[in-house]
Structures are given as C-alpha cells and as structure tokens.
Amino acid sequence: MEGESLNKKIDEVLNSTDGIQQAMPRPFLFTRIEARMQEEKNIWSRISSFVARPVVAFACVFSIIIINAGVLWFSDISATPGTQQAPEIATADEYNQVNYTLYDFENAKP
Amino acid sequence: MTETELIDLLKKRDRAAFKQIVETWQGMVYNTALSILQNAEDAEDVTQEAFIQAFESVAKFKGESKFSTWLYRITVSKAMDHIRRKKRKKRFAFIESLYGTNDKMVVDPPDFFHPGVSMERKENAAILFKAVEQLPPNQKTAFVLNKIEGLSYNEIGGVMKISDSAVDALLQRAKGNLKKILKDYFAMMNKG
C-alpha cells in the first residue's frame, strides 16, 4: 500500500466510529440488578467473595509466615546452652554415668 | 422529577428512584462498558456492578460533579477491574494448560462489532476496536470517552480527575499510538 493511500485508509479507520449510535443492554436490566443485589445479600456469598479477594489471601499467607518466623525466633532465644545442658548433667549424675579414659584403666587400683 | 430530587430519594434507598436512575443512564453505562471491554456479556456484568456500586455509595456523592460524571467514573473503574480480573484468569488458565491441568485452549477473542456502527463502516470499526484494545488503560479510557461517548475534554477530565491539558496529551498519544498500530497492521496484511 502506497504512503498516501495508507494514510487515507488509516484516517478512514480512525473516523469509522463517527456518528456511532449508543448500544443498549438487554431489556429488564433493573430486574437483573435487583436479583443480583438479593443474591449478594446472602451472607455466604459475601464471605466467599471476601475470602477470595487477593488482598485477603496474601494477608493470610503473610500472617502465617510471620507466626512461623516468630515461633522460630522465640524458640532460639529460650534454647540457651546453659538450660540445655542442665538436664543432661542431672541425668548423668542420676544414673551414675561416667566417661572413663585410658588413664583410668591403666591406673586402676586393685 | 429533577436529578437532585432523584438522587435525594436514592440516598433514602427508594426503589422507584433507583429504577428510574437505571432506566435513564443504562445506555450510557452499558455503551461505555461495551466500548472498553468489547464483549456484550462482560459489559452487562460491569453495568450491573456499576449500578449496584452507585446505589451502595450514593451517600458519598456530594454533588460536586454531575451525577453522570460520577457514574462514568464508577463504570470506568469497574471496567478496568474487570479487565485486570480477566487477565489474571487468562494467565492462570495458560499456566494450567502448560501443566496439563486445564484442557481449555487459551484463545484470542473474535473481532468485536459494536452494534451502533453503520453497516458500511463495520469492518473499519472492527479494525479500530482491535487497535484500541492494545492501548494503555488511560489512553483507552480517554479515547473511548471522547470518540464513542462524545465527551468534551473538560468532561473527560472530570471523569478521570485530570486537567484538560492532560486529557489533550492523553488523546494525542492515543491517536499517535493508534496510527502506529494501524500502520503495522496494514503492512502485515499486505505481506500476508
């Protein structure tokens, strides 16, 4: 297509909506709107549409991540070395567990 | 009954007033939604949503702008939400089809023919609507409100909450982009 005729064709397309008539919806739109409003009043459909919102879904996922991170963080703080060793020593004392070395065997008293 | 009286009654949740408002502005709302969405079913859906939203939030309407401007704003916003939702669904369907969990094919919609266009201009208008579909949301809105709804720069500015000069700039960019898209389209048609 030559330059001039191309420009003419483009202008024709751009002006193709001149004098356009308004499109109208199907009849009884108000009845359908009322029916939809009744349906939306239903509590379960309101709840499901609320839960289905991306913002709500992301907020839930984010809260789960935060709770998990919090649990990990606080379990790290409470698990200090001193408190972890105390029960082990207590158990070893209670059952009289002793770790013998080679020195103990060689110098064993008759 | 005047527009103000009608809106006052709507604020009191008057059913008859709501019915009259729907009947008065249904063409405007539907035509705008149809021109943006280019699908009759989606346009009907958005029209219903827009009127329900108007009914529920009419208390927020202070009369600073015309009621029609306010209704246009709701319609455009609902139409844009609808496009976003549809794109999200389309992306999800495409991913599903990749993993074989969705047998439905992801297909492009057929050409859109606006029912208000005269027969001799139908083909050209379909090409134009296809090109409009590729415009960024703001340019698309400004173009539809100006070329299809016939709103002035001032009225478009009221709907989009921007200045007249910003509307002018948007429309200039929209027309420039459309010319480029159409040029590429005709070049491709000549090759094929």
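For chain B, the longest principal axis of the C-alpha atoms and the axis of helix B:164-191 are separated by about 30°. The angle separating the long axis of helix B:40-56 from the principal Cα axis of greatest extent in chain B is about 30 degrees.
Annotation for A:I66 and B:F92: the two label points, set 7 Å from Cα along the Cα-Cβ direction, are 2.5 nm apart. The modelled label-to-label distance between A:D18 and B:R13, using points 7 Å beyond Cα along the C-beta direction, is 5.1 nm.
Relative to the Cα centre, the charge distribution of segment B:55-192, modelled as +1 at Lys and Arg Cβ and -1 at Asp and Glu Cβ, gives a dipole magnitude of about 360 debye. Among the listed pairs A:K8/B:K191; B:K60/B:K89; B:K122/B:K179; B:K122/B:K180; A:K41/B:K89; A:K41/B:K12, those with a Cα-Cα distance over 28 Å are B:K60/B:K89.
In chain B, the calculated helix contribution to ellipticity at 222 nm averages -23500 deg cm²/dmol per residue, counting -39,500 (n - 2.57) for every DSSP H run with n ≥ 4. What the Cβ-Cβ distance of B:D164 and B:S77 gives, at R0 = 22 Å and to the nearest 0.05, is a FRET efficiency of 0.60. Rounded to the nearest 10 degrees, the inclination of helix B:15-37 to the longest alpha-carbon principal axis of chain B is 20 degrees. Gyration tensor analysis over the Cα atoms of chain B returns equivalent ellipsoid semi-axes of 32, 22, 15 Å (largest first, whole Å). Note on chain B: GNM, Cα springs under 10 Å; of B:M119, B:M160, B:M80, the largest mean-square fluctuation is that of B:M119.
Here the simple spin-label model places points 7 Å from the Cα toward Cβ, and for A:I47 and B:K66 these points are separated by 4.5 nm.
Read-outs throughout are calculated quantities, based only on the coordinates presented, and are distinct from any laboratory measurement. The model shown is predicted, which means the values in this text are computed figures rather than measured ones. Quick reminder, even Gly has a Cβ in these numbers, built from the backbone with ideal geometry, and neighbours come from all protein chains shown.
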